[in-house]
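Participant: This is the structure I have questions about; it appears just below.
The values are calculated or read from the model by the stated rules, or taken from the named source; none is laboratory data. All figures in this text were calculated on a predicted structure; none of them were measured in a lab. Cβ sites come from the backbone with ideal geometry, for glycine too, and all protein chains shown count toward neighbours. The area values use the complete protein model at the heavy-atom level, side chains included, leaving out ligands, DNA and RNA. Shrake-Rupley method; radii C 1.70, N 1.55, O 1.52, S 1.80 Å.
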Amino acid sequence: MARVYNFGAGPSMLPLPVLEQAQRELLDYAGSGMSVMEISHRSALYEDINAKAQENIRTLLGIDDNWAVLFLGGGGSLQFSMIPMNFLTPGKVGAYADTGNFAHKAMLEAAKEGEVAVAYSSRESGYDRVPKTGEIQMPPQSAYLYITTNNTIFGTEYQEYPDTGRVPLIADCSSDILARPLPMEKFSLIYGGAQKNIGPAGVTVVIARRNFLRGRDENLPSMLNYETIMNKDSMYNTPPVFNVYIVKLVTEWILSRGGLESLQIANTRKSSIVYAAMDAHPDFYTGRARKDSRSIMNATFTLPSKELEAKFLAEAAEAGMVGLKGHRLIGGIRASMYNAMPQAGCERLAAFMEDFYQKNC
Ligand SMILES: *Cc1c(COP(=O)(O)O)cnc(C)c1O
């Protein structure tokens, strides 16, 4: 078996112990004689998976049962619409920090549901930064402020989170969820598609204050109403059972690694190895993100030519490192280093970058 280092932005690597456990349990889950994919979502076995996955997430984020942990379908992208459908009430404005392609898309989807305002934008400078405290301007009648904590395509990540006072703060954490601690007291709702840090594509985790989810418009389609999903404990319809099971295993793995503080240390160390390799030759490896906005999840850079980038990708693949191609919107190179990427993968990439520079500069 030759497993590669997958630097893909999502779907991405899963922890090997999780894959091995899933493999061991695949044909016969917990003595049921069935795989997790075959058990009923109404069975005690699944209720236990559902409850434990939620409990692990609450433990990791340091939140209590006043917070709902929901498992939904539709990817991160469905949240772009569900959020305004649920919270952008008439007379109010959805305030958006436009820090990347996903933030921008979320704002465009919200504009189909109601009025939106750009509270901050780094679009003009190629989304090379995230706001600092005080740079966000919200209209007084804001229904919420929406931020994207990690901008996957451009490689920027919030270093501090805004204080919004009475205005609920909502965050798309798709690409850094459970990769570092989050000051949950500032937030009303956060969400993330699982496929970057916590599981396979096909389940989205929404973590929200129960009070915030109550009292939604009864005319919303039931499947798009957070309150329905909360009241049915994410089993209003058939949930993605296997995906939630993997989320349960991944969150157990994170707990066994010492929780989010430990992961933050490990993730910061991993990314600094790659950034150091970039910064050693800044005229060759040109970073996209401003240094003060750099992400510990996705490092993005360009090489002096498209030909060199193609050569870089091909030789990296030969050396057992795949998924390094930048997003199709902006090209270049992107190294995604989510929770399951071992430090050895980042060390191999950094050594490769130095070697590639020496041979091609
Ligand atoms: C990947 C990603 C999304 C989109 O997720 P899908 O599950 O593909 O819909 C949204 N926001 C961010 C920040 C992402 O990284």
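Participant: Which residue out of T99, T59 is within 16 Å of the ligand (Cβ to nearest atom) and modelled with pLDDT of 95 or more? Before you say what the answer is, go through the steps one by one.
Facilitator: Working: T59 fails: within 16 Å of the ligand (Cβ to nearest atom).
Going through T99, T59 in turn, the sole match is T99.
Participant: Name the single residue, out of those in the range 108-120 being more than 21 Å from R328 (Cβ to Cβ) and open to solvent by less than 60 Å² (accessible area, probe 1.4 Å), that is nearest to the ligand (Cβ to nearest atom). Let's see the steps before the verdict.
Facilitator: First, the residues of the range 108-120 that are more than 21 Å from R328 (Cβ to Cβ): 110-120.
Then keep just the ones that are open to solvent by less than 60 Å² (accessible area, probe 1.4 Å); that gives 110-111, 114, 116-117, 119-120.
Values: A110: 14, A111: 17, G114: 20, V116: 17, A117: 20, A119: 17, Y120: 16 Å.
Within the range 108-120, the match that is nearest to the ligand (Cβ to nearest atom) is A110.
Participant: Within the bounds of the range 179-192, is there any residue that is farther than 22 Å from E55 by Cβ, buried (at least 16 other Cβ atoms within 10 Å of the Cβ) and within 11 Å of the chain's Cα centre (by Cα)? First the steps, then the outcome.
Facilitator: We begin by selecting, within the range 179-192, every residue farther than 22 Å from E55 by Cβ; these are 186.
With the extra rule that they be buried (at least 16 other Cβ atoms within 10 Å of the Cβ), the set shrinks to none.
No, there is no match, as no residue in the range 179-192 is farther than 22 Å from E55 by Cβ, buried (at least 16 other Cβ atoms within 10 Å of the Cβ) and within 11 Å of the chain's Cα centre (by Cα).
Participant: Going through the range 121-143 one residue at a time, which ones are under 22 Å from the mean Cα position of the chain (by Cα) and on the phi > 0 side of the Ramachandran plot?
Facilitator: G126, Y127
Participant: Give me a count of the residues in the range 286-315 that are free of Cβ contacts under 8 Å to residues at least 40 places away in the same chain and either in a helix (DSSP H, G or I) or among the basic types (K, R) (or both).
Facilitator: Total satisfying the criteria: 7.
Participant: Just for the range 142-151: of the residues that are open to solvent by less than 10 Å² (accessible area, probe 1.4 Å) and over 12 Å from S293 (Cα atoms), which one is farthest from the ligand (Cβ to nearest atom)?
Facilitator: Going residue by residue through the range 142-151, those that are open to solvent by less than 10 Å² (accessible area, probe 1.4 Å) are 142, 144-151.
Imposing the further condition that a residue be over 12 Å from S293 (Cα atoms) reduces the set to 142, 144-148.
Values: S142: 21, Y144: 17, L145: 16, Y146: 11, I147: 10, T148: 5 Å.
Only one residue fits best here, namely S142.
Participant: Let me ask something else about it. Say whether the condition of being without any contact (Cβ under 8 Å) to a residue 24 or more places away in the chain, in a helix (DSSP H, G or I) and under 30 Å from K52 (Cβ atoms) is met by at least one residue in the range 264-285.
Facilitator: Among the residues of the range 264-285, at least one is without any contact (Cβ under 8 Å) to a residue 24 or more places away in the chain, in a helix (DSSP H, G or I) and under 30 Å from K52 (Cβ atoms), which makes the answer yes.
Participant: Run L178 past the list (1) within 16 Å of the ligand (Cβ to nearest atom); (2) not in a loop (DSSP other than H, G, I, E, B) and report the number of the one that doesn't hold.
Facilitator: For L178, the exception is condition (2).
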